[in-house]
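Asks: Here it is, the structure, as structure tokens.
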Amino acid sequence: MRKQSKTRLSRKELFAAIRANRLVYLLISPFFILYGIFGLYLMLYALALSFFKWSGSGEAEFVGLLNYQHLVTDSQFLQAVVNTLIIWCLSTIPMVLLALVFAFVLNMATLRGKAVFRALYFLPNVTSTVAVSIIFATMFANSYGLVNFALTALGLEPVKWMSSPFWVQFIIALIVLWRWTGYNAIIALAGLQKIPYSLYEAARIDGASSWQIFRRITIPLLNPTIIFIVVTSTIGGWQLMEESYMLVGKAGGIGKAGMTVVLYLYNKAFLERQFGYGSAVSWGLFLIIFAFSFLNQKLIARETE
């Protein structure tokens, strides 16, 4: 009886708090309404659609787990997963390291013009992905690219950038690296500036070396920010599409090296009109992102303990 009365009391208090703060809930309700309609509902709809075969018109045919069975044996999907993983390794890992280095440089007390550097680092993130991809495609073009022009001027042989699967993936990774390193550096800088300076002073008074301060104070306190950067970079890296599409087209370029998972999803769902299978691909991508994000979070947390 006591437990029930406590439960009833807590519910009454909850409803009383909601009534007392109804204006606040009313002001934040548009976000949840829009998320419920354009986010949660569409996710659940895609999950339901993944069990059907549907071309976008006519009646949908229920196929059960057939789309998922085809997904795990689809060589094109598996190739897209491998391509995305390679591009992710070439871009995300050095991006996170460079972002941390830039953040430490921007946090130096002796650095002048910090506001200018912060704006310059953040500028690539606000530029158009389409424009950036076109510029990189022009720079690394086989015949008239600026990079090959510079190599020729130095007496070196030009490189067939767009004729090599590895170089195609490298250029896509370079676009990602250029666009997102500064953004993550600003986030890491915000995390560094939240660390109380008194901790550094106390450590120096106790005779701690710079490495000990970095290892025992900076990294553990920066750990939540590092995890956030790694997880968001993992999610963004696996959702890669625009850079690849603008650089090598919908077919993925030479050897389909630029065929990422999201580009493959786009081809299946919107070009080939296999909306059921495309929904299965999207949920397969969700599971991959969840697994990688969870694994990265655990590894980063253990390394910084």
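Coordinate-derived values only; no laboratory data. Quantities reported herein were computed from a predicted structural model and do not represent experimental measurements.
Asks: From the helices alone, meaning DSSP H stretches of at least four residues, give me the mean residue ellipticity at 222 nm for the chain, per-run term -39500 (n - 2.57), in deg cm²/dmol to the nearest 500.
Replies: Working: 15 runs with 218 residues, N = 305.
Value at 222 nm, helices only, nearest 500: -23000 deg cm²/dmol.
Asks: I'd like the Karplus ³J(HN,Hα) series for the stretch 199-210: coefficients 6.51, -1.76, 1.60, θ = phi - 60°, whole numbers in Hz, and an x wherever there's a Gly or Pro.
Replies: Residue by residue, the stretch 199-210 yields 5, 5, 5, 5, 5, 5, 5, 7, x, 6, 7, 4 Hz.
Asks: Something else: Considering the stretch 66-303, what Rg and Dmax in Å follow from its alpha-carbon atoms?
Replies: Here Rg and the maximum Cα pair distance are 20.9, 67 Å.
Asks: Would you work out the relative contact order for the chain, in percent, from Cα pairs under 8 angstrom that are 6 or more residues apart?
Replies: Numbers: 324 pairs, mean separation 81.3, N = 305.
So the answer I get is 27 percent.
Asks: Per q in 0.14, 0.20 1/Å, what log10 I(q)/I(0) does a Debye calculation on the alpha-carbon atoms of the stretch 1-125 return?
Replies: -0.96, -1.14
Asks: Further, regarding this structure: Just to check I understand the Karplus step: with θ = phi - 60° and J = 6.51 cos²θ - 1.76 cosθ + 1.60, what whole-Hz values come out for the stretch 212-220, glycine and proline as x?
Replies: So the J values, rounded to whole Hz, are 5, 5, 5, 6, 9, 10, 5, 5, x.
Asks: Now for a different question. Quick one: which residues, 5+ away or cross-chain, put their amide H under 5 Å from the amide H of Gly145? H built at 1.01 Å from N.
Replies: none
Asks: While we're on this one: Given H placed 1.01 Å from N in the peptide plane, which residues other than close sequence neighbours of Lys53 have an amide H under 5 Å from its amide H?
Replies: It is Glu61, Phe62, Val63, by chain and number.
Asks: Sum up the lysine pairs in the chain that clear both bars: alpha-carbon distance under 30 Å and a spacing of 8 or more or different chains.
Replies: Lysine pair count for the chain: 11.
Asks: Sticking with this structure for a sec: Evaluate 2.2 N^0.38 Å with N set to the residue count of the stretch 30-93, then give the Cα radius of gyration divided by it. Mind showing how you got there, number by number?
Replies: Values: Rg = 16.4 Å, N = 64, 2.2 N^0.38 = 10.7 Å.
Normalised Rg, Cα atoms only: 1.54.
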